[in-house]
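I have placed the structure first, in the form of structure tokens, so that the comments after it can refer back to it.
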Amino acid sequence: MGEVSSLFVRKMLETASAFVPRASLLAELGLSEADLSDPDVMVSVRKYVAFMEELADAEGPQIKFHTNAASSMTCEDYGAVGLAWKTAPQLLTAFERIERHSRLFVKNVAGFRIEQDGEFTRWIHFREFPPVRGLLLSNEAALVTYMSLCREAYGADFGPVSVHYSHSAVGCPLALEEYFRSPVKFDADYYGYVFRTEDLLRKTPLGDTHVSSFFDSHIEKELSEREGDADLESQVRKEIGLALSDGPPPIGMIADKLGLSARTLQRRLSDAGITYQTLVDQSRHMLSRNLLRDTSYSLAEIAFLTGFSEQSAFNRAFRRWEGRPPGSFRSGA
């Protein structure tokens, strides 16, 4: 399932310290107090999700700790990544870099897409949302975090036109709306924001191309030292996507294309905390979303292009991914 930085554990505990047993939670996570000061220390997503659920249970029915914690995030918390964000010439530039930069803090990052449509721009984050409460709370907090960084870079009055979550509310919706000062839409067609294009294109107060480039270079160096297997996952997803129209490719076929043995590929993916079958499923999911939204292919054709022998099997898989049939997704896209 991947890993997340201990930074997020620290921020959540700082907000929830009044109602949770700090020492026992750290023991369950396998962390020490010293680990909380080192964002390079990682925690498995499985443990982090369980941790988030324990905090939610302790807080009670109106869950706000994740919103409060995420809203306290600063560019300084993110080191070079935060400074690159703060000094980006425009916020659009910062959002374009998120997918790459966020790999320092969350492994197995999903894809992002920016859609400009005249007056408005949508920033869409492709994330899978199994119906796990702790994961959904983390997802709610993530959009709050990005907005906190935006406001530090642009000013406290900055805000989106609207905020979209592709799942039902888990935390307190009112707390989220009060923070964003914008409509928050749950059970939406996508996960992300709508911005006014002109807001993203304005120069940021501390924007400096040279300074931002310096931090970008630092980040790229650090990423190149640690992300060999993350690059491997991207390569595997790409090769799977190219082969899906002939059915789900066997691991040996993809391994051959990458110059590896099937056993080596399986081992390296396992070391990175992900399975080959998960990558196949993710590739099918993302490709099907893109085809439904951006093409006029029939559902039968999309089923074929995503490696399903029958449309009924595609329909079942898509309902599992999105909680609704593909026709409904397309009509609301």
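With respect to Leu176, is the statement that it is touching a residue at least 12 places away in the same chain (Cβ under 8 Å), out of contact with any Cys (no Cβ under 7 Å at 6 or more places or on another chain) and either loosely packed, with under 14 Cβ neighbours inside 10 Å or not acidic (Asp, Glu) (or both) true? Spelling it out, Leu176 is indeed touching a residue at least 12 places away in the same chain (Cβ under 8 Å), out of contact with any Cys (no Cβ under 7 Å at 6 or more places or on another chain) and either loosely packed, with under 14 Cβ neighbours inside 10 Å or not acidic (Asp, Glu) (or both).
All of (1) of a type outside the set (A, V, I, L, M); (2) closer than 27 Å to His218 by Cα; (3) in a loop (DSSP other than H, G, I, E, B) hold for Asp77 with one exception: (3). Checking each residue in region 163-175 for being under 18 Å from the mean Cα position of the chain (by Cα) and outside any loop (DSSP other than H, G, I, E, B) picks out Val163, His164. Of all residues in region 14-55, those being surrounded by 13 or more Cβ atoms within 10 Å (Cβ to Cβ) and small (Gly, Ala, Ser) number 4. Is it the case that region 179-190 has a residue that's part of a helix (DSSP H, G or I), in the same structural domain as Ile98 (by TED's automatic domain parsing) and acidic (Asp, Glu)? Looking through region 179-190, none of the residues is part of a helix (DSSP H, G or I), in the same structural domain as Ile98 (by TED's automatic domain parsing) and acidic (Asp, Glu).
Output the residues belonging to region 153-166 that are surrounded by fewer than 19 Cβ atoms within 10 Å (Cβ to Cβ) and either within 30 Å of Lys47 (Cβ to Cβ) or of a type in the set (A, V, I, L, M, F, W, C) (or both). Before you say what the answer is, go through the steps one by one.
From region 153-166, those surrounded by fewer than 19 Cβ atoms within 10 Å (Cβ to Cβ) are 155-158, 161-162; that's our starting set.
Ala156, Phe158, Val161 - these are the residues of region 153-166 that are surrounded by fewer than 19 Cβ atoms within 10 Å (Cβ to Cβ) and either within 30 Å of Lys47 (Cβ to Cβ) or of a type in the set (A, V, I, L, M, F, W, C) (or both).
Scanning region 265-280 for residues that are closer than 26 Å to Asp189 by Cβ and without any contact (Cβ under 8 Å) to a residue 40 or more places away in the chain yields a single hit, Thr278. Contact map, region 244-259: first residue closer than 21 Å to Ala300 by Cβ and part of a loop (DSSP other than H, G, I, E, B), second residue at pLDDT 90 or above and of a type in the set (Lys, Arg), Cβ cut-off under 7 Å, separation 6 or more or different chains; the map is empty. Against the test of being free of Cβ contacts under 8 Å to residues at least 40 places away in the same chain and within 30 Å of Glu115 (Cβ to Cβ), the options Ala262, Ala317 yield a single qualifying residue, Ala317.
Considering region 73-94, and only residues there that are among the β-branched types (Val, Ile, Thr) and under 19 Å from the mean Cα position of the chain (by Cα), the residue that is modelled with the highest pLDDT turns out to be Thr74.
The values are calculated or read from the model by the stated rules, or taken from the named source; none is laboratory data. Remember, it's a predicted structure, so these values are computed and weren't measured experimentally. Cβ atoms come from the backbone with ideal geometry, glycine included; neighbour counts cover every protein chain shown.
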